[in-house]
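Presented below is the structure to which this report refers.
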Amino acid sequence: MRLAVLDRDRCQPKMCGFQCIKFCPRVRTGDETIKEGEDGKPVISEELCVGCGICVKRCPFESIIIIGLPEKLLEPTHRYGKNGFALYGLPVPNVGKVTGILGPNGIGKSTAINILSGTLKPNLGKGRIGWDEILEYYAGSTLHDYLEGVSKGKIKTSQKPQYVDMIPRKFKGRVSELLSKTDERGILKSLITRLDIENIYERRIDELSGGELQRVALAACVAKDADFYFIDEISPYLDIHQRINAAHIIRELAEKKAVMVVEHDLAILDLLADVVHVAYGTPGGYGVITHPKGVRVGINEYLKGFLREENVRIRSEAIEFEVHAPQAAKEISSLLKFGRFLKKYDEGFELEARGGEIRKGEVTGIVGPNGIGKSTFVKILAGELQPTEGELTMNIKVSYKPQYIKADEPVMVADFLRSITRQFDTSYYETEILRPLQLERLLKQQVNDLSGGELQRVAIAACLSRTADLYLLDEPSAHLDVEQRVLATKVIRRFAENNKVSAMVVDHDIYMIDMLSDNLLVFEGQPMVRGEVHGPFDMRVGMNRFLRNIGITFRRDEETKRPRVNKPGSQLDRTQKSEGEYYYIN
């Protein structure tokens, strides 16, 4: 079974002269394997295509994907027209459980949710069909009754969007005005307290940070009275304590409602979900959503890259986790030593750094709760802010990726990156940055047309493209899926080692920080009031100090060695706290 997918936005036949048609061997023999459609774009016959891949290689805009599908896949659940993206399978909403969806971006998760929410009618790959045919197809399945309710307009949904930083573009008022309209369950007052929104309740939406927007969006979603709740990523911009707090709120919601979540922080997904559907396929081409699996089994199979029940390998290599904390580092020359400095804001917040050292060739992780001054510290090192007291002499070149990325100018990705680096066309740049960050297919797209995850990867590449001694990256994991986070981690780590430069990374993904870092800066204090910079510490000391401050311990999964959050008050949680080992266990 073969699938031919054409990215119609990328396809530019007037500029290439239909290279796909000219070089197709079947067309040369007289078959109409590829022909010009009514809209001036090529139409590929999946029945006649032999899968030679010549059209894929000849297309200068990389707009064609030819995929050999497993024979056991039946007709798709939904397909976006001839040569469009195809989705196979649907996740199953379940009252009383949190259902997770785990898979890469661009694999059809949004399509599935649009179907379950009633905004998109599944067409079973046949074009326009009626609900009678759809319900007949699902007769006898667990989805039949749910879809019947959707068809009759009886299912009310509430959704938290993935990109919360887009909210200010659609709503211009105050937080109180937005949330008061959503309180259909009469629990808004409790949510405001539990999500720590009191201090921002009367502020304007466009004045909020990413973490504040995330909590407001979650409160708005949960406060509505719906039958089906869909929550798309709760972790971006939230610290680990806020993520766990949000997970508890969602689990309470699921006691009486059907809740579905997409989450790329595996530790939080593990804590949050009861079952998971694994989504796999070719991003932008097709996606398959498996039957529900136990959350531990599903996550472990996804990490190993092999789905046992489906007998499908979804990745050539397993994602592996280290077991022990890194050993003490050897003597390395110093890149930068900084003394005490203080930064005060008119609003009352102040950040104090008591001095420290950044060493050449090392990656320093920066951890701490939100509102404690991490981004302020990084901006001072980047030269975007000046200390109120003390001096910081920076006789080095610095490259900085900010926490919040904006792309307003219509410039092509390739031109944008080429304007930053002279290495753009070298094999090293291609193999060490472009290819691992999966940017090759984005080079001919406009920067302002990119999704949040795509823009994040371009921003990481841009930061590493500049010639510098110190690279500062603020939350590089935001909006990246699991595999993209692993790839980004490897890129940053290898870049620092190969080029003998230093990097500092602010992030709330505990494992990403662990895998990246040689040492840790730990930020302590009172959020929104005062922050203090401590360290750098070696990884064991730094991680134990950070997790002790927020009262959370991690354990390792016996099978994959991935980090898992311990249930507060459990025997293992109490044991690790008594031993002072909050993360690394020998």
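The values are calculated or read from the model by the stated rules, or taken from the named source; none is laboratory data. What you see is a predicted model; the values in this text were computed from it and never measured. Note that we place each Cβ from the backbone using ideal geometry, even for glycine, and neighbour counts take in every protein chain shown. Note: areas computed on protein heavy atoms with side chains; ligands, DNA, RNA excluded. Shrake-Rupley method; radii C 1.70, N 1.55, O 1.52, S 1.80 Å.
Dividing the helix sum by the residues of the chain, where each DSSP H run of 4 or more adds -39500 (n - 2.57), gives a mean residue ellipticity at 222 nm of -8500 deg cm²/dmol. The candidate values are [x] 3, 15, 25, 27, 18, 9, 3, 0; [y] 3, 16, 24, 22, 16, 11, 6, 2, 0, 0; [z] 4, 18, 30, 28, 16, 5, 0; the one derived from this structure for P(r) over Cα pairs in 10 Å bins from 0, in percent carries the label [x]. The value of relative contact order for segment 434-481, using C-alpha pairs under 8 Å at least six residues apart, is 38 percent.
Shape class for segment 185-238, computed from the alpha carbon gyration tensor (a ≥ b ≥ c): oblate, with a/c not under 1.5 and a/b at or below b/c. Entry comment: accessible area of segment 1-106 is 50 Å² per residue, from protein heavy atoms only and a probe of 1.4 Å.
Checking every one of the trypsin sites (Lys or Arg not before Pro) in segment 532-586 against DSSP loop status and a limit of 14 other Cβ atoms within 10 Å picks out K561. Identify the residues of segment 82-96 with backbone N under 19 Å of a label point that sits 7 angstrom from the Cα of R128 along the Cα-to-Cβ direction, or state none. In segment 82-96, the label zone of R128 (backbone N under 19 Å from the point 7 Å along Cα→Cβ) covers 82-84.
For the peptides 436-445, 24-33, 227-236, the ranking by packing is 227-236, 436-445, 24-33, with the highest mean count of neighbouring Cβ atoms within 10 Å listed first. Taking label points 7 Å from Cα along the Cα-to-Cβ direction, D225 and E430 give a separation of 6.1 nm.
Helix 210-223 axis versus longest C-alpha principal axis of the chain: approximately 60°, rounded to the nearest ten.
Each Lys and Arg Cβ is given +1 and each Asp and Glu Cβ -1; about its Cα centre, segment 34-178 then shows a dipole of about 700 debye.
Segment 46-91 and segment 162-212 have Cα centres spaced 42 Å apart. Could you let me know the centre-to-centre spacing of segment 385-415 and segment 96-154, using Cα atoms, in angstrom? For segment 385-415 versus segment 96-154, the Cα centre distance is 44 Å. Contact order for segment 49-97, expressed relative to its length and based on alpha carbon pairs under 8 Å spaced 6+ residues apart, stands at 21 percent. Within the accessible surface of segment 152-268, defined with a 1.4 Å probe on protein heavy atoms only, the carbon and sulfur portion equals 46 percent.
Mind jotting down the distance between the C-alpha centroids of segment 341-377 and segment 558-579, whole Å? The two parts, judged by their Cα centres, are 29 Å apart. The accessible surface of segment 443-557, taken with every protein chain in place and a 1.4 Å probe, is 47 percent carbon and sulfur. In segment 32-96, the portion of solvent-accessible area held by carbon and sulfur atoms comes to 54 percent [1.4 Å probe, whole percent, DNA, RNA and ligands not counted]. The antiparallel fraction among DSSP beta bridges confined to the chain stands at about 50%. Decide, for segment 1-149, between rounded, prolate and oblate: order the square roots of the alpha carbon gyration tensor eigenvalues as a ≥ b ≥ c, take rounded if a/c falls under 1.5, and otherwise choose prolate if a/b is larger than b/c, else oblate. Taking the square roots of the gyration eigenvalues as a ≥ b ≥ c, segment 1-149 is prolate. The protection proxy used here, the mean number of other Cβ atoms lying within 10 Å of each residue, ranks peptides 288-295, 257-264 as follows, highest first: 257-264, 288-295.
Checking the a/c ratio against 1.5 first, then a/b against b/c, what shape does the Cα gyration tensor give for segment 349-405? Judged from the Cα gyration tensor, segment 349-405 comes out rounded (a/c under 1.5). For segment 209-332, the solvent-accessible area of protein heavy atoms averages 37 Å² per residue (probe radius 1.4 Å; ligands and nucleic acids excluded). Applying a 4.7 Å cutoff between beta carbons, the unpaired cysteines of the chain are C11, C16, C24, C49, C52, C59, C221, C463.
Our summary gives the chain a relative contact order of 13 percent, counting only alpha carbon pairs under 8 angstrom and 6 or more residues apart.
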